[in-house]
Amino acid sequence: KDGFLPRGELEYILRTLEPDVFTPAMLTELFAGLVPTKDGQVNLADIFNTCVEDVKVKVAVYSAAPYVKEFMQPVLDKFPGSFFIEQACTVSSAKMCTGANAACLFVNDDVSRHVLEKFKACGIKLVLLRCAGFDRVDMHAAEELGITVLRVPAYSPYAVAEHAVSLVMTLNRRLHVATNRVRMGNYQLSGLVGFNMQGKTCGILGTGKIGQIAARIFQGFGMKLVCYDPYQSETMKAMGAVYMDLDDVYKQADIITLHLPLLPETRKMINHEAIAKMKRGVTIVNVSRGGIIDTQALIDGLTAGKIRAAGLDVYEREDAKFFKDFSHQSTAARMQTWDHQLALLRSFHNVLITPHTAFLTEEALNAILGTTIQNVEEFVGKAQKLTNQVFAPPVKPATETPPPVEESRGYRPGFGAHPSPCASPSIPEVQYEGETNPDFKVAIFSGTTYVKSQMKALMDRFPSSWFIEQACTKSTVSLSAGAHAVCLFVNDDADKDVINILKAQGVKYILLRCAGFDRVDLTAAKDAGIRIANVPAYSPFAVAEHAVALALAVNRHTITAYNRVMESNFTLSGLVGQDLNGKTCGILGTGKIGQIAARIFKGFGMEVIGFDPYQSKIFTDEIGGKYADLDEVLAKSDILSVHMPLLATTHHLIDEEAVDKMKDNAILINVSRGGIVDTRAIIDGLLSGKLRGVGLDVYEHERHVFFKNFAEMNFAERVNGFDHDLMLLRSMPNVILSPHIAFLTEEALENICEQTVENLNDFLSGKQLKNELHPKV
């Protein structure tokens, strides 16, 4: 009790823990000169204080989740007698360190004066922080009690910066929503529209090492950089970043990412006043400290639609929640610790919360381990200067405490309209400027909600046109009767049977609002006298950026983390990723989209290698990529990203043999055509552990499934959509499957509509059609 044990009991514990060290002679020397209490108890602190040179370091590792036990096991191996404590360090668990003389703690462990006093009573002389932050350590108490505090000042700035980008991309491309929809059998696209990163402005608040790395990555997307930091960085200036006043950053930035320390001057820096100054539709990401954001201000900004999305890896009251699992508790128990603001944040579909996993990569964990062992060795070796020692700050003179600011619980004025909290970002409507043609009619198939907004310019030009929600098939094509033209999407049918029906109905034109035409019988259309035009390109940036979004989400387990948090499970085990910096990305297909993807991956500090029968000087000379044969690209790539057309030579290019040749633990990404990848081969690769993860925006049998919502169908209808391979893929935690949305950005939709209207105008005016399709001779 309170650091005392009966001498006999203590001797028994020490002999059991380390019989080779605590011999009878050693124990006699250890207890010599100590005066026990009247009831025969010995003060543990007195033992360690008087005999520290003779006692080996034994570390009690708190908050020892499964992933901690795995990466910190070398500490126990190196310092015999050390042990794990699964509980977080609190006043009640502090005594569990008995038998150790060092305590190893994590970011949310309690290291208050009360805990330190209990540590002192138990003989703890060294606190090892396996993190950089020490705001939860009472440093003045530690110095008074003679307890040395060492930390790990940096482990992987790349991990944190890359996680910030992962949060942005997952939110922007709505991957957390799309993946969960797909798992429920909903493959529709409405509500999943993102925006192109290219050409947007990123505001970096805090331009230290992490901020600089984040800036370089965002620059790889083709973004403009504006930043704020009292201490300006020449590295940032050399990148072309522009420093400006905080208010100007708020006004200009489409994305604001926080990389600041929590100081008195940064606490609740993102408040109502700051948010009111921001650009409408801003995305905010915080991977630094939760207290920098005023949570109520954030909620009000989201509710009012001022903030488009928020990605949070930290939360201002996270110490009560993070690293704990409340999902198994009873409702009554959960209500006792309910945080209504955190619950509100989780209810927004445009908020993504991860439980302080920004640091969580293999490289970071290895760095934490190495520095922790170094810290112990320096302490034991009595180094003149302990490299990573933390000291108490100077005591500031007491000042009058300002009155607390009253927090609003509801809507705050100044943010504009007040839409639904979960409303999806609006799709810009293309306005048509010119004469209307009420006599010409277009039937627009697959006319879902987002399509109706996207194609408004066509409806303005041809106001007698109409939308058909169903996909075009032999059984639905008659719904277009009376139209002069039909407008089809990627999974609409235009085979010979459909073409013949269209001919009979008097249709003269087929407008494809996509690039692909593998579902169109061009020969039958020519024979029927029906002309066809497509949209050959709408946004290569959208597709390339989506590939990167998938790679990041797979690597950092972003969707798994999001879903856990939604279930009140804030634990970290199973969420360890890898730093992309220093890894190798293989690009299969180095056309326009492959080049853009390569440039972005290069911004992460990755080596980029490519395979393409037609080599590009842009890929080598401008981007710095290197070409290799297919086998070499497969063998070297940590991430393999596919950007090839579906041809006879590329069908099942990624088959069982190719997967076998891939680097162990690789991630495969496919945003091109589903048929390039043999589904069974990647399933086998995932099940065997050969593949670390897979991100797919396409699927070889998608025509029977994508763009449909099986969740709304009755059982008999759903049976028709059963695809065991697809069902197996979407059940896997290391697979992210999005329903052909790589193209789906505001900019792409605008371009598709403009080009479709232009194609139709060219048809009607008799101009030569630059996008007309013809059958191969």
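Per-residue ellipticity at 222 nm computed for the chain from its helices equals -10000 deg cm²/dmol, with DSSP H segments shorter than 4 residues left out and the rest contributing -39,500 (n - 2.57). Other residues with beta-carbon under 13 Å from the beta-carbon of Lys277 carry, at +1 per Lys or Arg and -1 per Asp or Glu, a net charge of 0. Of the beta bridges in the chain, as assigned by DSSP with both residues counted there, near 10 percent are antiparallel.
If Lys and Arg each add +1 and Asp and Glu each add -1, what is the summed charge of the other residues whose beta carbon sits under 14 Å from the beta carbon of Val168?
Values: positive: Arg173, Arg174, Lys200, Arg308, Arg556; negative: Glu162, Asp254, Asp313, Glu545.
Charge balance in the 14 Å sphere: +1.
A full extension of the chain between Ser478 and Leu647 corresponds to an added length of 57.6 nm, given 0.36 nm per residue minus the alpha carbon distance. Under 5 Å between amide hydrogens, built in the peptide plane, is the criterion, and for Ala494 it picks out Asp521 among residues at least 5 positions away or on other chains.
When only the Cβ of Lys, Arg, Asp and Glu is charged (+1, +1, -1, -1), the dipole of region 473-629 relative to its Cα centre reaches about 300 debye.
Normalised by the residues of the chain, what does the relative contact order come to in percent, with Cα pairs under 8 Å and at least six apart?
On the way: 1538 pairs, mean separation 95.2, N = 777.
After rounding, I find 12 percent.
What percentage of the solvent-accessible surface of the chain, computed with a 1.4 Å probe over protein heavy atoms, is contributed by carbon and sulfur atoms?
That share works out to 52 percent.
If packing is taken as the mean number of other Cβ atoms within 10 Å per residue, what is the order of 288-298, 643-653, highest first? Mind showing how you got there, number by number?
Numbers: 288-298: 21.9, 643-653: 15.7.
Sorting 288-298, 643-653 by mean packing, highest first, produces 288-298, 643-653.
Sparsely packed loop sites in region 596-643 (the chymotrypsin sites (Phe, Trp or Tyr not before Pro) outside DSSP H, G, I, E and B with at most 11 other Cβ atoms within 10 Å) comprise Tyr614.
Working note: Karplus 6.51/-1.76/1.60 with θ = phi - 60° gives region 277-289 the couplings 7, 7, 5, 5, x, 6, 9, 10, 10, 10, 10, 9, 9 Hz, where Gly and Pro are set to x. A crude spin-label estimate for the pair Trp466 and Asn186, with each label 7 Å from Cα along the Cβ direction, gives 2.8 nm. Helix 592-603 axis versus longest C-alpha principal axis of the chain: approximately 10°, rounded to the nearest ten. Rounded to the nearest Hz, the phi-derived 3J(HN,Hα) couplings of region 254-262 under the Karplus curve 6.51 cos²θ - 1.76 cosθ + 1.60 (θ = phi - 60°) are 7, 10, 10, 10, 9, 9, 10, x, 8, where x marks glycine and proline. Can you give me the angle between helix 209-220 and the longest principal axis of the chain, using Cα atoms only, in degrees from 0 to 90, rounded to the nearest 10? Approximately 10 degrees, to the nearest 10. Look at where the Cα atoms of region 254-288 and of region 539-599 average out, and the two centres are 24 Å apart.
Summed over all non-identical Cα pairs, the Kirkwood treatment of region 492-615 gives a radius of 18.3 Å. Using only side-chain charges placed at the Cβ, +1 for Lys and Arg and -1 for Asp and Glu, the dipole size of the chain relative to its Cα centre rounds to 860 debye. Electrostatic bookkeeping for Gly191 treats Lys and Arg as +1 and Asp and Glu as -1; over the other residues with beta carbon under 11 Å from its beta carbon, the sum is +2. Calculated from the alpha-carbon coordinates, region 433-513 shows an Rg and a Dmax of 12.0, 37 Å respectively. Computed 3J(HN,Hα) for region 584-591, one whole-Hz value per residue from the Karplus formula 6.51 cos²θ - 1.76 cosθ + 1.60 where θ = phi - 60°, is 10, 10, x, 10, 9, x, 10, x, glycine and proline marked x.
Projecting the Cα positions of Tyr562, Thr37, Met223 onto the charge dipole of the chain (unit charges on Cβ atoms of Lys, Arg, Asp and Glu, taken about the Cα centre) puts Met223 furthest along the positive direction.
Over the chain, accessible surface divided per residue gives 42 Å², non-protein components excluded, 1.4 Å probe. Between Asp39 and Glu656, the distance separating the two model label sites (each 7 Å from Cα on the Cα→Cβ line) works out to 7.2 nm.
The stretch between Phe71 and Asp245 holds 58.4 nm of extra length on full extension. This uses 0.36 nm per residue minus the Cα-Cα distance.
The values are calculated or read from the model by the stated rules, or taken from the named source; none is laboratory data. Because the structure is a prediction, the values reported are computed rather than measured. With ideal geometry, Cβ positions are generated from the backbone for all residues, glycine too; neighbour counts draw on all protein chains shown. Note: areas computed on protein heavy atoms with side chains; ligands, DNA, RNA excluded. Shrake-Rupley method; radii C 1.70, N 1.55, O 1.52, S 1.80 Å.
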